[in-house]
Amino acid sequence: MSYPDIVVAGGGNAALCAAITAAEAGKRVLMLEAAPKPYRGGNSRHTRNFRCMHDGPLSVLTGTYGEDEYYNDLLLVTKGNTDERLARMAIRGSQESQPWMEAHGVRFQPSLSGTLSLSRTNAFFLGGGKALVNAYYRTAEALGVEVLYEAPVTHIELDRDRITRVDFTHGGARHSLSPPAVVAASGGFQGNIERLVEAWGPEAENFLIRGTPYNRGDVLFNLLGQGVQSIGDPTQCHAVAIDGRAPKFDGGIVTRLDCVPFSVVVNKHGDRFYNEGEDVWPKRYAIWGRLVAAEPEQVAYSIIDSKSKDLFMPSVFPPVTADTIPELAGKLGLDPQKLARTIGTFNASCRPGTFHPTELDGLATEGLTPPKTNWARPITEPPFYGYSLRPGVTFTYLGFKVDETAQVQGADGPVENLWAAGETMAGSILGQGYLAGFGMTIGTVFGRIAGREAARYV
């Protein structure tokens with residue numbers, strides 16, 4: 001192990017962008033990735049796309065997507081709970097970052113059509129997030145970045161306004177380094193169920209974690225415990241409704257279910273609890289994780305009939321199928337009579353109209369609470385299908401407070417030689433809610449800023 005100028009704690013998109021940028025500035029960089037090599041890359045392995053501002057057609061992106069429209073989209077999902085200065089930095093930086101990504105090995109492809117039609121706003125990675133991660137690792141290693149796998153950081157010593165030591169384990173031994181500069185890019189704490197329970201209560205035991213189990217928040221809580229300023233609510237996170245049969249960790253994006261807008265969603269008691277047709281799916285998919293989390297035993301069920309079976313991305317697990325609603329209820333573990341009444345009441349509230357699966361069609365229920373305001377068609381044509389839903393946490397929003405140079409803020413001002421990027425500081429911008437592809441935007445833009453500023457400091 002050589003003596004580095006900069007230690008980067010983490011191994012995902014933000015960490016790689018920081019490491020590559022610093023190495024291109026001529027600095028010796030050591031990355032400490034907690035995961036084994038086959039699982040390197042954190043949650044970035046499971047990503048699909050990058051939300052990108054552009055003033056005209058750019059690579060695979062169509063039309064235009066200006067700064068104000070992008071920012072307004074962010075305001076809608078965060079309900080204004082963001083830092084405008086940092087958010088606009090991320091948005092503006094995305095346009096310049098897209099060609100940088102291509103120049104460093106990332107390949108893009110046109111977006112798929114369907115319920116997540118994002119060809120104007122989001123650039124999709126050819127080969128998905130794992131291809132992006134592999135491309136960046138090849139680039140980093142060609143630049144001389146040293147990478148240690150299975151090397152979790154256990155402690156970062158903060159002495160007044162300076163980091164003086166980084167402790168980590170590797171190869172069954174403890175190690176310490178005192179690098180001139182440090183970049184923290186080790187994600188949130190969603191991989192630590194005990195921490196989730198502290199924040200959410202015992203219901204968090206029922207959450208599924210979509211991403212890596214290696215994002216345990218150890219660096220985050222270690223530094224917060226030494227007085228580094230935090231930002232973000234520990235109960236806020238990017239969470240979506242995923243297939244209840246998904247594994248506890250690392251199921252990834254394929255476990256997401258996109259059937260909700262065309263379905264009736266009930267809780268374990270067979271009751272509806274939210275408007276399934278509130279808006280187009282790209283603007284609502286990220287609220288359903290929290291909605292399901294608030295229901296008894298953190299479980300819900302999405303019910304459709306044969307008319308809707310092919311209107312959304314196929315599920316990784318086949319749906320539960322039955323010829324009648326009571327039979328379907330029995331297979332799902334629900335009260336057959338109660339589910340039949342709920343579906344019957346819903347069907348009776350549907351009104352004639354024209355159904356448009358890809359746009360708000362105004363095909364709404366009448367006299368039903370809660371209403372369904374779009375895509376409300378009677379569920380009457382067998383076979384009937386059901387999916388169980390669970391909250392699937394992608395990443396938590398509690399993080400370090402940073403300034404516009406990604407420098408971490410201590411109790412009495414900036415920590416002189418510490419920068420942060422990615423999910424570990426995303427709470428500075430994402431106070432709540434989520435905008436598809438924006439996590440990669442934050443990681444890329446602030447990863448590059450953190451790498452640049454750390455290199456300048458050394």
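The values are calculated or read from the model by the stated rules, or taken from the named source; none is laboratory data. The model shown is predicted, which means the values in this text are computed figures rather than measured ones. Neighbour counts run over all protein chains shown; Cβ positions are idealised from the backbone, glycine included. The area values use the complete protein model at the heavy-atom level, side chains included, leaving out ligands, DNA and RNA. Shrake-Rupley method; radii C 1.70, N 1.55, O 1.52, S 1.80 Å.
Listing for the model above:
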{"read-out": "Full-extension gain in nm, Ala131 to Arg174, via 0.36 nm per residue minus C-alpha separation", "value": "12.3 nm"}
{"read-out": "Carbon and sulfur %, accessible surface of segment 1-67 computed with the full protein complex present, 1.4 Å", "value": "52 percent"}
{"read-out": "Using a Förster distance of 30 Å, the FRET efficiency for Thr405-Glu102 (Cβ separation, nearest 0.05)", "value": "0.75"}
{"read-out": "Rounded accessible area of Thr358 (nearest 10 Å², 1.4 Å probe)", "value": "110 Å²"}
{"read-out": "Distance (nanometres) between label positions extended 7 Å along Cα→Cβ at Lys307 and Asn347", "value": "1.1 nm"}
{"read-out": "Selected from Thr212, Val320, His269, residue furthest toward positive end of dipole (segment 204-330; charges at beta carbon)", "value": "Thr212"}
{"read-out": "Dipole-positive endmost among Gln229, Gly191, Gly127 within segment 108-253 (Cβ charges, Cα centre)", "value": "Gly127"}
{"read-out": "q = 0.18, 0.21, 0.22, 0.31 Å⁻¹, segment 117-173: log10 I(q)/I(0) [Debye, one scatterer per Cα]", "value": "-0.84, -0.91, -0.94, -1.11"}
{"read-out": "Built amide H within the under 5 Å cut-off of Arg107, gap 5+", "value": "Leu126"}
{"read-out": "Distance (nanometres) between label positions extended 7 Å along Cα→Cβ at Glu198 and Glu69", "value": "4.3 nm"}
{"read-out": "Per residue accessible area of segment 1-116, 1.4 Å probe, in Å²", "value": "39 Å²"}
{"read-out": "Percent of alpha-carbon pairs separated by more than 16 Å within segment 123-243", "value": "72 percent"}
{"read-out": "At 1.306 mPa s and 10 °C, Stokes D of the chain from Kirkwood alpha-carbon radius, µm² per second", "value": "70 µm²/s"}
{"read-out": "Segment 319-332 - phi-based ³J(HN,Hα) in whole Hz, Karplus 6.51/-1.76/1.60, Gly and Pro as x", "value": "x, 6, 10, 7, 8, 9, 5, x, 5, 4, 4, x, 5, 8"}
{"read-out": "Cα pair distances of segment 20-178 binned at 10 Å [whole percent]", "value": "9, 28, 32, 23, 8, 0"}
{"read-out": "Listed peptides 375-384, 331-340 by packing density, highest first (mean Cβ within 10 Å)", "value": "375-384, 331-340"}
{"read-out": "Förster-model FRET efficiency, 22 Å R0, His356 and Leu76, C-beta, rounded to 0.05", "value": "0.55"}
{"read-out": "Rounded accessible area of Tyr214 (nearest 10 Å², 1.4 Å probe)", "value": "90 Å²"}
{"read-out": "Dipole magnitude of segment 168-281, debye to nearest 20 (Cβ charges: Lys/Arg +1, Asp/Glu -1, about Cα centre)", "value": "440 debye"}
{"read-out": "Cα centre as origin, Lys/Arg/Asp/Glu Cβ charges: the chain dipole, Debye", "value": "660 debye"}
{"read-out": "Net charge over other residues, Cβ less than 15 angstrom from the Cβ of Arg160 (K, R count +1; D, E count -1)", "value": "-3"}
{"read-out": "Heavy atoms of Tyr274: accessible area, 1.4 Å probe, square angstrom to 10", "value": "60 Å²"}
{"read-out": "Percent RCO, i.e. relative contact order, over the chain, from Cα pairs under 8 Å lying at least 6 residues apart", "value": "24 percent"}
{"read-out": "Over segment 106-187, relative contact order from alpha-carbon pairs under 8 Å, at least 6 apart, %", "value": "17 percent"}
{"read-out": "Difference of contour (0.36 nm per residue) and Cα-Cα distance, Asp412 to Val254", "value": "52.5 nm"}
{"read-out": "Alpha carbon convex hull of segment 290-417, projected area averaged over orientations, nm²", "value": "12.7 nm²"}
{"read-out": "Length-normalised contact order of segment 1-81 in % [C-alpha pairs under 8 Å, at least 6 apart]", "value": "23 percent"}
{"read-out": "Lys/Arg +1, Asp/Glu -1 at C-beta; the chain dipole; positive extreme among Val166, Gly422, Ile253", "value": "Ile253"}
{"read-out": "Dipole in debye (nearest 20) - segment 1-146, about Cα centre, beta carbon charges: Lys, Arg +1; Asp, Glu -1", "value": "480 debye"}
{"read-out": "For segment 152-311, convex hull of alpha carbons as volume per residue, Å³", "value": "147 Å³"}
{"read-out": "Estimated FRET transfer efficiency (Ser59, Phe221; beta-carbon r; R0 35 Å; 0.05)", "value": "0.35"}
{"read-out": "Alpha-carbon centroid distance for the pair segment 151-171 / segment 367-438, whole angstrom", "value": "29 Å"}
{"read-out": "Karplus 3J(HN,Hα) series, Hz, for segment 211-216 with 6.51 cos²θ - 1.76 cosθ + 1.60 (x for Gly, Pro)", "value": "x, 4, x, 8, 8, 9"}
{"read-out": "Equivalent ellipsoid semi-axes, segment 163-217, via Cα gyration tensor eigenvalues times 5, rooted, Å", "value": "29, 13, 10"}
{"read-out": "Where a label projected 7 Å from the Cα of Thr324 along Cα→Cβ would reach, residues of segment 339-355 with amide N under 13 Å", "value": "340-341"}
{"read-out": "Under-5 Å amide H pairs with Val316, H placed in peptide plane, nonlocal only", "value": "none"}
{"read-out": "Rounded to 5, the percent of DSSP beta bridges in the chain classed as antiparallel", "value": "75 percent"}
{"read-out": "Whole-number accessible area per residue in Å² for segment 134-185, which is evaluated in the context of all protein chains at 1.4 Å", "value": "47 Å²"}
{"read-out": "Protection proxy ranking of 446-456, 251-261, 56-66 - average other beta-carbon atoms within 10 Å, highest first", "value": "446-456, 251-261, 56-66"}
